[in-house]
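Inspection log for the structure reproduced underneath, given as C-alpha cells.
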Amino acid sequence: QVQLVESGGGLVQAGGSLRLSCATSARTFSSYFMGWFRQAPGKERELVAVTSWSTGNTYYADSAKGRFTISRDNAKNTVYLQMNSLKPEDTAIYYCAARYGNYDARVRKYDYWGQGTQVTVSS
C-alpha cells in the first residue's frame, strides 16, 4: 500500500509563496506519475501539476503555468509544489496523488491519495 503524506500548507497573503511537499512510502516510483490536485469549496477536484517520476516530464493546468513549479527528489521519495504569486482563487485543499502508468489529467485515474493540506490565500 502506497502512502502519501502532504505538508506545507498554510495561510499566505496574495502575492506570497508556499511550498508543498508530498512524501511517499513507496520504495520505487519509476513507472508512476505523481502530482498535485486541488479542491476549492463547492468545486470539483482538479489537476494542478503532475510529473513523471522516471523522466521528470511535467504537466500543468493553465492556472498554474508560470506561477507553480512541480519537482521531485528521488532520493527522498518526495514531490514538491512551489507556488509563487499566489492569488485568492488558489485557496483550496491541495492533494498529492499518484498513478501507475502514463499521464492522465482525470482525477478518477489516480490510485493513491494523500489526506490533503489546506492552502488559504488572503486578499
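What to note about this one:
- For Ser122, net neighbour charge (Lys/Arg +1, Asp/Glu -1) across residues whose Cβ lies under 15 Å away: -1
- The phi-based Karplus calculation (6.51 cos²θ - 1.76 cosθ + 1.60; θ = phi - 60°) puts the 3J(HN,Hα) values of the range 11-25 at 9, 9, 7, 3, x, x, 10, 9, 10, 9, 10, 9, 9, 10, 9 Hz, whole numbers, x for Gly and Pro.
- Orientation-averaged projection of the chain equals 6.8 nm² [convex hull of Cα atoms, one quarter of hull surface area].
- DSSP loop trypsin sites (Lys or Arg not before Pro) with at most 12 other Cβ within 10 Å excluded, longest remaining stretch of the chain: 66-105
Every number in this text was worked out from the coordinates using simple rules, so none of it is lab data. Here the structure is a predicted model, which is why all the values come from computation and not from measurement. When we count neighbours, we look across all protein chains shown, and the Cβ atoms used for this are built from the backbone with ideal geometry, even at glycine.
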